[in-house]
Amino acid sequence: MLANELVQVNLSTKKSIFVFDFLVFFIIGEQIAKIQLFVVLVSLFQKFEFHFADGWKPKDLRGQPGITLRPPDCQYQAFVR
């Protein structure tokens, strides 16, 4: 084949490309980490009441887009139950 010749490729004959989510990965300790996070959050919500700080009104709670959705800057107070 010469360098100046054009080559036609029939895309329908190529094999399909797998999406990255096709494979399932098992992470050791992931389930234990999820359970621990759940237990910590439940214990915090049982022991404390969370409110917005005095006089602070939320303007927009939709968040700020970026690589991830960043929550807006908020001021909270935690009270012991």
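The values are calculated or read from the model by the stated rules, or taken from the named source; none is laboratory data. The structure displayed is predicted, hence computed values, not measured ones. Heads up, the Cβs are rebuilt from the backbone with ideal geometry, glycines too, and the neighbour counts pull from every protein chain shown.
Which residue pairs have Cβ atoms under 9 Å apart, sit 6 or more places apart or on different chains, and have a first residue in the range 51-78 that is at pLDDT below 80 and part of a loop (DSSP other than H, G, I, E, B) and a second that is among the polar types (S, T, N, Q) and surrounded by 10 or more Cβ atoms within 10 Å (Cβ to Cβ)?
So the pair list comes out as Trp56/Gln75; Pro71/Gln64; Pro72/Gln64.
Among the residues of the range 35-50, how many are of a type in the set (D, E, K, R) and either modelled with pLDDT of 95 or more or assigned to a loop (DSSP other than H, G, I, E, B) (or both)? Spell out the reasoning first.
Initial filter on the range 35-50 (of a type in the set (D, E, K, R)): 47, 49.
Narrowing the set further to residues that are either modelled with pLDDT of 95 or more or assigned to a loop (DSSP other than H, G, I, E, B) (or both) leaves 47.
Residues in the range 35-50 being of a type in the set (D, E, K, R) and either modelled with pLDDT of 95 or more or assigned to a loop (DSSP other than H, G, I, E, B) (or both): 1 in total.
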